[in-house]
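Student: Have a look at this one before I ask anything.
The values are calculated or read from the model by the stated rules, or taken from the named source; none is laboratory data. Keep in mind that this is a model prediction, so the values were computed, not measured. Here Cβ is always computed from backbone atoms with ideal geometry, including for glycine, and neighbour counts include all displayed protein chains.
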Amino acid sequence: MVNSPETFYQNELNDADLYEKISKRMSSSLRRSERDENIAKKLMDLSSIESAHANFWAEIIKRKGRTPPRFKKRRPGYFSYLGFLQRIFGISFLVRYLEGGEVDAIREYSEYIERESKEQWEKDQLAKILKDEREHEAVFIKMIADLKGNAETVRDAIYGLSDGLIEVLASVAGLSGVFINNIYVAVGGVVFGASGLVSMTIGAYLSEHAKAQIDASHGYTARKAAANTALYYFIGAIVPIFPFLFLQRYPALITAFVLVMIVDGIVTSVISIQSSGKLSRDLLRSLGLVTLGFLATFVIGMIAHHFVGYLG
């Protein structure tokens with residue numbers, strides 16, 4: 001079904017608002033660079049163009065004898081969450097999402113011209129808007145290329161965090177069934193985390209080194225990939241270990257589980273948004289698997305306890 005002018009009007013206003021907010025967050029970031037300033041300016045320019053498109057749809061609505069609806073923010077909670085993630089991970093993970101929005105707009109406007117446009121002036125104006133939307137898509141494609149290094153850093157961050165969180169949570173869950181002393185559980189988690197950090201770092205280095213050998217223009221160095229993976233795996237590993245340094249065994253285990261669920265939810269959100277997935281579905285699947293792994297390793301620890309008793 002072809003969208004109505006009212007829907008297009010709201011979409012354009014929301015896109016204008018989104019681009020403006022992303023631009024302002026980039027301009028106010030302490031990590032901003034000259035490249036970020038240029039991207040922020042481009043987004044502000046796109047925001048102005050989308051506002052002009054909204055004015056066109058307002059005119060269409062008036063010509064049909066109706067009143068343009070009041071601006072209604074699209075999924076305010078979701079887009080506030082996007083802003084939160086942008087402040088943590090930067091703009092690079094959002095650009096592909098923004099490009100997808102322009103692709104959808106091009107498809108929807110093309111369908112509207114074909115099925116609904118009757119007057120020549122309307123077709124002419126929509127042809128100009130379609131040209132704008134295609135140019136916007138090209139802008140985002142260029143941004144993706146410009147931000148490739150940042151995107152690869154984010155990739156290493158989310159996969160390093162994810163592996164550190166899940167592997168070490170599983171280890172402390174299993175060890176909690178065997179060791180009565182929570183410090184022993186923490187030490188065991190450190191040992192598992194250290195071994196995982198070494199294997200992940202070597203794997204990241206070899207992977208990027210192989211890419212560089214195949215593609216001489218590959219600008220993301222193997223050392224940088226290894227360093228980023230090691231750093232974020234370490235951060236992920238610390239999350240489930242930290243509670244065991246201050247709390248008793250089961251309160252520490254529950255706290256570790258809750259903290260891992262929160263951080264894994266953030267990591268999964270970035271992956272889902274980058275891949276244009278369905279956020280709610282991806283979150284449920286990831287958090288469900290984390291819970292399953294946690295319970296499985298805890299049960300294994302309790303089975304071991306049944307045979308050897310508590311240690312430490």
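Student: Looking for something free of Cβ contacts under 8 Å to residues at least 40 places away in the same chain, touching a helix residue (DSSP H, G or I) at 6+ places or on another chain (Cβ under 6 Å), in a helix (DSSP H, G or I) and under 16 Å from Glu102 (Cα atoms) - is there at least one such residue anywhere in region 24-31?
Tutor: No: zero hits.
Student: State all residues of region 126-159 that are within 22 Å of Arg87 (Cβ to Cβ), in a helix (DSSP H, G or I) and more than 14 Å from the chain's Cα centre (by Cα); if no residue qualifies, say none.
Tutor: Once the filter is applied, which keeps residues that are within 22 Å of Arg87 (Cβ to Cβ), in a helix (DSSP H, G or I) and more than 14 Å from the chain's Cα centre (by Cα), region 126-159 yields Phe140, Met143, Ile144, Asp146, Lys148, Gly149.
Student: For the structure I just gave you, tell me whether Ile166 is closer than 30 Å to Ile235 by Cα, in a helix (DSSP H, G or I) and modelled with pLDDT under 85.
Tutor: No, not satisfied.
Student: Is one or more of the residues making up region 49-59 polar (S, T, N, Q), modelled with pLDDT of 90 or more and in a helix (DSSP H, G or I)?
Tutor: Of all residues in region 49-59, those polar (S, T, N, Q) come to 51, 55.
Now drop any that are not modelled with pLDDT of 90 or more, which leaves 51, 55.
When the remaining residues are screened for being in a helix (DSSP H, G or I), the result is 51, 55.
Checking region 49-59: at least one residue is polar (S, T, N, Q), modelled with pLDDT of 90 or more and in a helix (DSSP H, G or I).
Student: Here's something else I'd like to know. Inspect all residues belonging to region 17-35 and state whether any of them is under 26 Å from Ser269 (Cα atoms) and of a type in the set (Phe, Trp, Tyr). Give the steps one after another, and end with the answer.
Tutor: Initial filter on region 17-35 (under 26 Å from Ser269 (Cα atoms)): 17-33, 35.
Subset that is of a type in the set (Phe, Trp, Tyr): 19.
Yes, that holds for at least one residue.
Student: Okay, next question. Quick check: is even one residue across region 153-163 touching a helix residue (DSSP H, G or I) at 6+ places or on another chain (Cβ under 6 Å) and not assigned by TED's automatic domain parsing to the domain that holds Leu283?
Tutor: No, the conditions are met nowhere in region 153-163.
Student: I'd like the residue in region 33-48 that is free of Cβ contacts under 8 Å to residues at least 60 places away in the same chain, assigned to a helix (DSSP H, G or I) and of a type outside the set (D, E, K, R) and, out of all such residues, is surrounded by the most Cβ atoms within 10 Å (Cβ to Cβ).
Tutor: Restricting to residues being free of Cβ contacts under 8 Å to residues at least 60 places away in the same chain, assigned to a helix (DSSP H, G or I) and of a type outside the set (D, E, K, R), the top hit is Leu43.
Student: What's the total number of residues in region 244-278 that are among the hydroxyl-bearing types (Ser, Thr, Tyr) and within 19 Å of Leu147 (Cβ to Cβ)? If you could, list the steps in order and put the result at the bottom.
Tutor: First, the residues of region 244-278 that are among the hydroxyl-bearing types (Ser, Thr, Tyr): 250, 255, 268-269, 272, 275-276.
Now narrow it down to the ones that are within 19 Å of Leu147 (Cβ to Cβ): 269, 272, 275-276.
Adding up the residues that qualify gives 4.
Student: Tell me which of these Asn181 doesn't satisfy, since it passes every other one: (1) of a type outside the set (Phe, Trp, Tyr); (2) modelled with pLDDT of 85 or more; (3) assigned by TED's automatic domain parsing to the domain that holds Lys224.
Tutor: Tallying (1) of a type outside the set (Phe, Trp, Tyr); (2) modelled with pLDDT of 85 or more; (3) assigned by TED's automatic domain parsing to the domain that holds Lys224, Asn181 fails exactly one: (2).
Student: Further, regarding this structure: What pairs come out if I take residues in region 101-124 that are more than 30 Å from Ile273 (Cα to Cα) and in a helix (DSSP H, G or I) and pair them with residues that are among the basic types (Lys, Arg) and at pLDDT 85 or above whose C-beta lies under 9 Å away, six or more apart or interchain?
Tutor: Filtered contacts from region 101-124: Glu122/Arg63.
Student: For region 1-10, enumerate the residues that are within 13 Å of Arg75 (Cβ to Cβ) and at pLDDT below 90. It would help to see each step written out before you state the result.
Tutor: Start the filter on region 1-10 by keeping residues that are within 13 Å of Arg75 (Cβ to Cβ), which leaves 10.
Those that are within 13 Å of Arg75 (Cβ to Cβ) and at pLDDT below 90: none in region 1-10.
Student: How many residues, within region 60-80, are polar (S, T, N, Q) and either touching a Ser or Thr at 6+ places or on another chain (Cβ under 6 Å) or in a helix (DSSP H, G or I) (or both)?
Tutor: So in region 60-80, the residues polar (S, T, N, Q) come out as 67, 80.
Then drop every residue that is not either touching a Ser or Thr at 6+ places or on another chain (Cβ under 6 Å) or in a helix (DSSP H, G or I) (or both), which leaves 80.
Number of matching residues: 1.
Student: So the check is Cβ under 7 Å with 6+ separation or different chains; which pairs have a first residue in region 178-197 that's more than 19 Å from Ile235 (Cβ to Cβ) and assigned to a helix (DSSP H, G or I) and a second one that's among the basic types (Lys, Arg) and at pLDDT below 85?
Tutor: Final answer for the pair search is Asn182/Arg249; Val185/Arg249.
Student: Looking only at region 1-23, filter to residues that are assigned to a helix (DSSP H, G or I), more than 25 Å from the chain's Cα centre (by Cα) and not aromatic (Phe, Trp, Tyr); which one of those is surrounded by the most Cβ atoms within 10 Å (Cβ to Cβ)? Full working, then the answer.
Tutor: Step one: of region 1-23, the residues assigned to a helix (DSSP H, G or I) are 5-23.
Imposing the further condition that a residue be more than 25 Å from the chain's Cα centre (by Cα) reduces the set to 5-9.
So of that shortlist, the ones also not aromatic (Phe, Trp, Tyr) come out as 5-7.
Values: Pro5: 21, Glu6: 17, Thr7: 14.
So, considering only residues that are assigned to a helix (DSSP H, G or I), more than 25 Å from the chain's Cα centre (by Cα) and not aromatic (Phe, Trp, Tyr), the one surrounded by the most Cβ atoms within 10 Å (Cβ to Cβ) is Pro5.
Student: Moving on to the next point. Could you list, in sequence order, all residues of region 84-106 that are loosely packed, with under 15 Cβ neighbours inside 10 Å and within 18 Å of Lys24 (Cα to Cα)?
Tutor: Answer for region 84-106, where residues must be loosely packed, with under 15 Cβ neighbours inside 10 Å and within 18 Å of Lys24 (Cα to Cα): Phe84, Arg87, Ile88.
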